[in-house]
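Written out below as structure tokens is the structure these notes cover.
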Amino acid sequence: MLPLNLAESLGGWAPYAASMLVGIGFGAVLEQSGFGDSRKLAAQFYLKDLTVLKVMFTAIVVAAALMALFSALGLVDMQRVFVPPTFLVPGIVGGLVMGVGFIVGGFCPGTSVVSASTLKLDGILFALGVAVGIGVFGETVHLFEDFWYSSSLGRFVLPELLGLPTGGVVLAVVLMALGMFVAAEVAEAVIGRSEPMRLRTWLPRRGVRLAASGALVALAAATLVIGDPTPEERWERVSAEAGAALTGRDAFVDPREVAELAEDTSVYTRFIDVRSETDYNLFHLYGAVRRPVSELSDPAFLRELGGVPTNTVIFVVSNDETEATEGWKRLVAHGVPNVYIVEGGMNGWLKRFAPPPCLATPIPDWQSREDEELAFVFRLAVGDCCNTARPEPPGKKLPGDCFLAVNPGANAQSATRAAEARPEEFPHKVKLRKKAAVKGGCG
Amino acid sequence: MSQKQPKAARPYINPYLGGALLGIVLFLAYVLTGAGLGASGAIEHVDIAVVDAVAPSHVDRVAYLAEKAGGDRNPLLTPPVFMLAGTVLGGFLSGLFGRRVKVELRKGPRISGGTRVALALLGGAIMGFGARMARGCTSGQALSGGALLSVGSWAFMFAVFAGAYALAWFLRRVWN
């Protein structure tokens, strides 16, 4: 599945080689299109030569149509492709500043590099200026850091904003671009070459253009027809690889390890409780959020999960394991990393870290209960307000004097007990997998 | 010095063909490297490498710089820098083919060379600052993010065009 993991298949040097090859293509295409010439670029803003607009929007729609189609066909895993995160206001302000720089200097950073490579002095100077501007930014960013990090929306794409399928948005973008190209041809003819405005000049005259436009529209339409994959289809695509964690039970984590990680200051833990509201209110793990399996594919929620620190472990929990496994499949299918299931579910947890009998007691017919039925009777709804929701991990040991220092109220007896506690061994399964730190060339 | 007249530059390719090729390069960038195209990020890494060579302790003290080159971290050993090297090479080869590799200063007919030099430096500095503010340049944000339908990239793209068109009238003597 794409994108390729070159570092894994070919070795550590491969990503650099691939980047270099892509760069060669990038530089060559820009140069061949005339982007090494500042006057040609600047002419865009006097509506005489709209090469910039034509090249840029053709590239955007071609790449967008290909990516959307490959994603719809399940050939590309979009979760592993870097989408520049949205910081709306700094992005717009930076864009306006760049627009000013563009018309003053005649380039953008990439085009100035290409211009410099063909020894144009203004391109070389502009690129030097860019280096200076970037340096000034690095030295001064601490003065407006709050602004620079403001209006963060994370990985946020137009289909989510508009509530439309990806194929629909791509189709709209393609049609918009084709409309802009017609307008660009008119502008070049009328303003650039002072030709009288004639209907004939409005529309593409050559068969090649018509065919290419038609092909783009067809690509986008095909993507729309195929549609965005359903959660089940997403799971189908990753099940070959990810399913092993279920059959090998590597995804199921012992409650004791869960409790350990919840107290571990080097990782963040998140609990996603997929049970009914009633059960959740009766008792849930400390800090757990309730979210039924059907709501796990909600884009806003996935965006939130996408924005958590990389050292975050996510646990899905239900009363037993069936529902939690469904939830786990969904999150894994959406590419959420470091997701695990609490082994034995809430029932297993309550058995391990038994609540006081005055609070809850096991149901008498424990053996014959149905799957996913809460096996404890709570006398009142406690939510996560009891020690059972956040137990002391069994492996946690503090030296006696230290224990007294951090728990001034504790008596000597409990200090000894904590010091002497000999936890039984259990398998540890959580392996923190850092997201591949893929960043764009500008990131 | 060659005695014969240098051949005229070859014409540029059709912009729609150029755009389609650029789109394919961008698509290849996604599927081969998992990220799009870019230049300003790599320029920043070169920038920081220079500062790191001159004043390594300064890099370690400024959080923004330390993230990229603090301690033993080599700011040049990152894919974008290789992409930048490729861009220079690709541009040069294409320029050779098109007979456009030539030391010259491109400017509007009504301004002096000195003015053009100053404006190129100034524009570059403004552009560099803006590119970091926006977390990407025209290629990294507008092109690469735009094709992935990122909301921020589209807002950014319209802002760049708006900024340039808003000022174009005042600078018409520079370019025409």
> So which residues in region B:158-176 are more than 7 Å from every other protein chain (Cβ to nearest Cβ) and either buried (at least 23 other Cβ atoms within 10 Å of the Cβ) or in contact with a Cys (Cβ under 9 Å, 6 or more places away or on another chain) (or both)?
Replying inline: none
> Within the bounds of region B:43-61, is there any residue that is modelled with pLDDT under 90 and in a loop (DSSP other than H, G, I, E, B)?
Replying inline: yes
> Of the residues that sit in region B:84-125 and are of a type in the set (S, T, N, Q) and part of a helix (DSSP H, G or I), which one is surrounded by the fewest Cβ atoms within 10 Å (Cβ to Cβ)?
Replying inline: B:Thr115
>> Every residue in region A:1-18 that is surrounded by 24 or more Cβ atoms within 10 Å (Cβ to Cβ) and either touching a strand residue (DSSP E or B) at 6+ places or on another chain (Cβ under 6 Å) or not in a helix (DSSP H, G or I) (or both), please.
In response: none
>> Just to be sure before I move on: is A:Leu75 modelled with pLDDT under 90 and over 30 Å from B:Leu121 (Cα atoms) in the structure I sent?
In response: yes
> Given the residues A:Phe45, A:Phe57, which is the only one that is at pLDDT 90 or above and of a type in the set (Phe, Trp, Tyr)?
Replying inline: A:Phe57
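Mind counting the residues in region B:128-148 that are over 24 Å from A:Val174 (Cβ atoms) and in contact (Cβ under 8 Å) with a residue 40 or more places away in the chain?
Let us first name the residues in region B:128-148 that are over 24 Å from A:Val174 (Cβ atoms), namely B:128-135, B:137.
Subset that is in contact (Cβ under 8 Å) with a residue 40 or more places away in the chain: B:128, B:131-132, B:137.
The qualifying residues number 4.
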> Given region A:233-330, what helices (runs of 4 or more DSSP H) lie entirely inside it while holding 3 or more residues that are β-branched (Val, Ile, Thr) and at pLDDT 90 or above?
Replying inline: none
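Sort out which residues of region A:108-133 are more than 7 Å from chain B (Cβ to nearest Cβ) and polar (S, T, N, Q), and write them in order of number.
Residues satisfying the conditions are A:Thr111, A:Ser115.
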> What are the residues in region A:307-325 that are touching a strand residue (DSSP E or B) at 6+ places or on another chain (Cβ under 9 Å) and farther than 23 Å from A:Val267 by Cα, if any?
Replying inline: A:Glu321, A:Glu323
>> I need the helices (runs of 4 or more DSSP H) fully contained in region A:19-107, keeping only those with at least 2 residues that are facing another protein chain (nearest Cβ under 7 Å) and among the acidic types (Asp, Glu).
In response: none
>> Being surrounded by fewer than 16 Cβ atoms within 10 Å (Cβ to Cβ) and within 19 Å of A:Phe45 (Cα to Cα): is that true of A:Val190 here?
In response: yes
>> Tell me yes or no: at least one residue of region B:26-41 is surrounded by 24 or more Cβ atoms within 10 Å (Cβ to Cβ), in a helix (DSSP H, G or I), modelled with pLDDT under 85 and facing chain A (nearest Cβ under 7 Å).
In response: yes
>> Residue under question is B:Ser112, and the condition is that it be farther than 25 Å from B:Leu21 by Cα and at pLDDT 85 or above; does it hold?
In response: yes
> Which one is surrounded by the fewest Cβ atoms within 10 Å (Cβ to Cβ), of the residues in region A:210-228 that are part of a helix (DSSP H, G or I) and not hydrophobic (A, V, I, L, M, F, W, C)?
Replying inline: A:Gly214
> Picking from B:Arg73, B:Arg100, B:Arg106, B:Arg110, which residue would you name as being of a type outside the set (S, T, N, Q), over 14 Å from A:Ser112 (Cα atoms) and touching a Ser or Thr at 6+ places or on another chain (Cβ under 9 Å)?
Replying inline: B:Arg100
> Looking only at residues in region A:238-268 that are surrounded by 20 or more Cβ atoms within 10 Å (Cβ to Cβ) and β-branched (Val, Ile, Thr), which one is nearest to A:Leu331 (Cα to Cα)?
Replying inline: A:Val253
> Among the residues of region B:74-81, is any in a helix (DSSP H, G or I), more than 7 Å from chain A (Cβ to nearest Cβ) and farther than 30 Å from A:His142 by Cα?
Replying inline: no
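The values are calculated or read from the model by the stated rules, or taken from the named source; none is laboratory data. Since the structure is predicted, the reported quantities are computational estimates derived from the model, not experimental observations. Neighbour counts are summed over all protein chains in view; Cβ atoms, including those assigned to glycine, are modelled from backbone coordinates with ideal geometry.
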